[in-house]
Each structure stands twice: as structure tokens, then as C-alpha cells.
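One structure is given below, encoded as C-alpha cells.
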Amino acid sequence: MKTRNLLMITDLGGDLTKVLADAATLKQDRLQRHDALAGHSVGIFFEHPSMRTRISSEVAIAELGAHPVTLRGEEVGISSREAPEDVARVLSRYVSLVAMRVRSHVTLEAVAAHATVPVVNLLSDRSHPCQALADLQTIAEHRTLAGTRLAYVGDGNNVAHSLLLGGAMSGMDVTIASPKGFEPAGDIVAEATRLAAEHGALIAVTDDPRAAVDGADVVYTDVWTSMGKEEEKRRRLEAFSGYEVTEEMFSLAKSDAVFLHCLPAHRGEEVSAAMIEHPRSFVFDQAENRLHAFKALMLALLEGQ
Ligand code: CP
Ligand code: NVA
């Protein structure tokens, strides 16, 4: 495996397909590789709250025979108590891999530049690549990725960025529907467009959610107010009016379409309560797949070192 860090899903390059295939295999028997990382310790670090990411990564580490060490942001004080480059070099002396949820992607880049062990992004303001791995694994349980049409309805945020890039790398047509002012970053859209062209797929950005969902294979949404943006909540509630994914909006997609949400969900904002419970909603498979995908990723980064 050529990959050393996973800051953006594009860091996996051609290894993405193998990681997704390994995640599917690991799902078949959770304990099949129970001693694969025996003797390793893995550091996981959180500057924001987490439920799925923290639990799935701790359980994944333990089920591969390694030891998880969880640190909260306020304990470390990265950039306040201690410079990221020093945190990186110190952690590298203790653990085999550092996985971090950070407020700013710049922090992660500083850590990665100075760490001597692999660094994994567990969510930053720019991307959420481990989520995209689980998302692609979940979609692959229902569709061949290449040629699948995904409509993402909502904020052009970290999750949208990783879906754009991971979808493009997998040959998926990805349309993002966001209100004006909340579109995905231009450089991410440009990179996704280039990757999509390489893989025979198309990327589009629109402010018409219903047009995006029309005929889609996968409909995806995420919160309108991401962690760190709480002071914008009122403005966002107004801007995203008409973007709630309801059963009525979902009915515009293919009859066997798949609904996904990375969770946590805010019922009555970006998604209706009925949509979460819809027979074509696979949000809890998606949450489960965080575990298998993270195992496959750690094995890819650590095995053979
Ligand atoms: N989807 C996700 O990353 O969930 P948590 O914020 O609970 O980790
Ligand atoms: N976009 C959301 C994802 C949470 C898993 C956030 O950053 O808060």
C-alpha cells in the first residue's frame, strides 16, 4: 500500500477499491483478523464531539488486537497548550497511527507534516474521508459504484466534499444541491470534476434539490449546521428552507433508490422523521460500516510496516 496518510480520500488513489473490498470482507466475520495489529497502539483524538467515529474506531482497533488511546482536545490543547508539530512528534514515539477529529484542517496538515506514523482524518472542516469510505461501502452493497447517480441535498460541507471526491474516484455521477452561498468549495469541485472525467463520470452543482434527486440512485443529506458553525444556525435554517429530504422529495428518485445520512440526523430540519425510518433508508448499515471501513483502512496503512 503506497498510502501513508488519509487527510483527504484522494490520498488513497488507486488503493480505494482494495480498501472497500477489504471492508466488505471484514464485515462477513468481525473477528477474522483479530490479531492482525497485535502489539500496536493507536491514538485517537477529538476536538469535536463524536459518537459513531469514536466508538467504531475504538472497537475496530480492539477487534484487530491493538490498543486504543483516546484523547480529548482540551486535554492536549493543540495550538494552545502545545504546537501541532510537537504533538505530532511526541505521539509518533508512542503509537503506530494517529487519527484525529480537528476543528481546522490546517491542524491536521501540520500534524501530518511532522508525524513519523500514518495520520488519519476523523473529520475536519474540509473533509470526512472515513465517513466516505463507509458511504461507498454501503452504496456498493446495493449498486455497482461506477455509473451510480448520487444526489447530495444540503450543505456543501466536509461530508459533501469527501463524497464528491470519493464518488468521482469510483466513477459515480455526483450532483450537489445547495443553496447559494453554501456550495462545496470550488477547488474540491474542480478536483472532483477532473477525477470524474478520468473515470467516465459527471459532477454537477445546482441550487435545485428536486432536479438533483430526480432519477437518482442514491439520495444523501447531512446536517445544515456542522460542528463549529453553531453561531450561523439561524441564518442556515432560513437559507436551507425547501432542502429537507422528505418521502415526497425521495419519491422523485428511482423506485429502488437508497437513502443515506452520515448521522447525527436532525429530524424536521435536513430530513423528515419518516425518511429516516423509510424502507429504503440504510443509515444504520452506513453507521455500522464505519467500523469495517476503519479496520480495512488501518490494515492498509499499518500492515507490512
Ligand atoms: N458520522 C459521524 O462522524 O458521526 P459522529 O460525529 O457521531 O462521530
Ligand atoms: N457535517 C457534519 C458531519 C458530522 C458527522 C459536521 O461536521 O458536524
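The values are calculated or read from the model by the stated rules, or taken from the named source; none is laboratory data. From a predicted model like this one, the values you see are computed outputs, not experimental measurements. All Cβ positions, even for glycine, are placed from backbone atoms using ideal geometry, and neighbour counts span all protein chains on display. For accessibility, only protein heavy atoms count, side chains too; no ligands or nucleic acids. Shrake-Rupley method; radii C 1.70, N 1.55, O 1.52, S 1.80 Å.
Got at least one residue in region 31-41 being at pLDDT below 95, surrounded by fewer than 22 Cβ atoms within 10 Å (Cβ to Cβ) and within 15 Å of Pro118 (Cα to Cα)? No, region 31-41 has no match at all.
The one condition from (1) more than 14 Å from ligand 1 (Cβ to nearest atom); (2) open to solvent by less than 10 Å² (accessible area, probe 1.4 Å); (3) within 17 Å of the chain's Cα centre (by Cα) that Ala88 does not meet is (3). Considering region 226-241, the residues that are within 16 Å of ligand 1 (Cβ to nearest atom) and free of Cβ contacts under 8 Å to residues at least 60 places away in the same chain include one that is least open to solvent (accessible area, probe 1.4 Å), namely Lys229. Apart from one condition, Glu269 fits all of (1) part of a loop (DSSP other than H, G, I, E, B); (2) of a type outside the set (Gly, Ala, Ser); (3) free of Cβ contacts under 8 Å to residues at least 12 places away in the same chain; the exception is (3).
Within region 192-212, the residues that satisfy the criterion of being surrounded by fewer than 23 Cβ atoms within 10 Å (Cβ to Cβ) and assigned to a helix (DSSP H, G or I) are Thr193, Arg194, Leu195, Ala197, Glu198, Arg210, Ala211.
Residue-wise test of (1) more than 12 Å from ligand 2 (Cβ to nearest atom); (2) open to solvent by 10 Å² or more (accessible area, probe 1.4 Å); (3) in contact (Cβ under 8 Å) with a residue 12 or more places away in the chain; (4) out of contact with any helix residue (DSSP H, G or I) (no Cβ under 6 Å at 6 or more places or on another chain).
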residue	(1), (2), (3), (4)
His114	yes, yes, yes, no
Val119	yes, no, yes, no
Ser124	no, no, yes, no
Ala132	no, no, yes, no
His142	yes, yes, yes, yes
Leu150	yes, no, yes, no
Gly154	no, no, yes, yes
Ser162	no, no, yes, no
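Would you call Lys254 away from ligand 2 (no atom under 16 Å from the Cβ) and in a helix (DSSP H, G or I)? Spell out how you get there, then give the answer.
On the way: away from ligand 2 (no atom under 16 Å from the Cβ): yes; in a helix (DSSP H, G or I): no.
No.
Just give me the residues in region 233-251 being aromatic (Phe, Trp, Tyr) and either in contact with a Pro (Cβ under 6 Å, 6 or more places away or on another chain) or in a loop (DSSP other than H, G, I, E, B) (or both), in sequence order. Within region 233-251, Phe240, Tyr243 meet the criteria.
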